[in-house]
Amino acid sequence: MAPGKALARALPHQRAMLPWELISRRDIGLLFLINFAVGMAMFAVLYFMDLYFALVKGNSPGKAGVALLYYLPGLGVGGYMAMFTTNVWPRQTLPPLLLGAVTSAVGITVLAYAIDRENTPLLYGMMALTGHGVGLRMNPGSLHGLAYFPKLTAQVSFLVSFAMPFGGTVALTLMSTVFNNKSGGAAKTSGEGGGGMSSSSSDDAPVPTGDAHVVVRDAIRWAFIAIVPFMWLCVLLTTFLGNVWVGKDGTHDVVNGVYLWNLARGKKLERERRTRGDRAEAAEAAAAAAAATAAAEKDDVEKNKSADTKGAATV
């Protein structure tokens, strides 16, 4: 369906749901992968930390769910930081995207270590840090793409909205496979390999003891280790993005090159001004009116020159 291709010529009145200019843009592809990693980080913590608190710590389902609330402060702080960086200072989209990628990667990496050590305070801190990285990238993750394509709001929003749950689905599939292979059913049995099940109170879930306890803990740890490479790959991919400066009047300045690496090499990239929504239509109408006025003035000048030439020839 790209312009000039065979299918576009055969169906001239059809319009692709995702235009080729959108799919072929490097920044849009990178944004899809970045939001894919955001979904992985979010789903991994919300699903597998619940398993950890229930199967390893022996908390009841209610207590295990309450423990996940430590994820929310980081998510809230990240959301407020995203609003500050895009609306107050530095009014750019690359800094929150890069910082969020780093904090999520560090959070998931250290989370695997904290699970191995069963360090609950460190676990809570890394859950909050991972949530911070997720919240920090949610708004800039879509704003960055909308600045490059101000007239394709629906298409850009669709890509971002699809990438996050898709990444979460892939993460859960990968982590569940690793968990099942490493645990070998130890979480469902009561005493394989010399381990048993115990409970500290009637409100708590049975806790695997002995070898079973170690197997379940290590299975969850390896499940998180399985997604660590994706988190750090997201950090690397973020460095190849362009950058967007958010204007106070609804306009955006964008650069089409790799902003961070060119900045490190001292190479200056040219900014392009983009306008969204009604302002874009008003700007186009004003530009069209200005072009029409300039053309009319040019015609008047040519007519006056023609009249002066004819008058001189008559004299």
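Any read-out appearing in this document is the output of simple, stated calculations on the displayed coordinates, not a laboratory observation. Worth saying up front: this structure is predicted, and the values here are computed from it rather than measured. Neighbour counts are summed over all protein chains in view; Cβ atoms, including those assigned to glycine, are modelled from backbone coordinates with ideal geometry.
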| field | Length gained when the stretch residue 66-residue 119 is fully extended (0.36 nm per residue, less Cα-Cα span) | value | 17.4 nm
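Using a 10 Å cut-off around each Cβ, can you sort 158, 48 from fewest to most neighbouring Cβ atoms?
With the sparsest Cβ surroundings first, the list reads 158, 48.
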| task | Arrange 118, 297 by Cβ neighbour counts within 10 Å, fewest through most, would you? | result | 297, 118
| task | Would you mind calculating the relative contact order of the range 1-154 from Cα pairs under 8 angstrom and at least 6 residues apart, reporting the percent as a whole number? | result | 28 percent
| If we count other beta carbons within 10 Å of each Cβ, what is the order of 249, 218, fewest first? | 249, 218
| request: Provide the gained length on full extension for the span residue 50 to residue 293, in nm with one decimal, where the gain is 0.36 nm per separating residue minus the Cα-Cα distance. | output: 80.8 nm
| remark: From the Cα centre of the range 98-153 to that of the range 206-264, the distance in Å is 6 Å
| query | Per-residue HN-Hα couplings for the range 124-135, Karplus 6.51 cos²θ - 1.76 cosθ + 1.60 at θ = phi - 60°, whole Hz, x for Gly and Pro? | reply | 4, x, 6, 5, 5, 5, 5, x, 4, x, 5, x
| query | Working out 0.36 nm times the residue gap between residue 11 and residue 180, then minus their Cα-Cα distance, what length gain in nm do you get to one decimal? | reply | 55.9 nm
| Can you run phi through the Karplus equation (6.51, -1.76, 1.60; θ = phi - 60°) for the range 238-251 and list ³J(HN,Hα) in whole Hz, with x for Gly and Pro? | 5, 5, 9, 6, x, 9, 10, 9, 8, x, 6, 9, x, 9
| Rounded if a/c is under 1.5, else prolate if a/b beats b/c, else oblate: with a ≥ b ≥ c from the C-alpha gyration tensor eigenvalues square-rooted, which is the range 64-115? | oblate
| request: With 26 Å as the limit, write out which pairs from 5/267; 5/151; 57/182 have Cα-Cα distances beyond it, or answer none. | output: 5/267
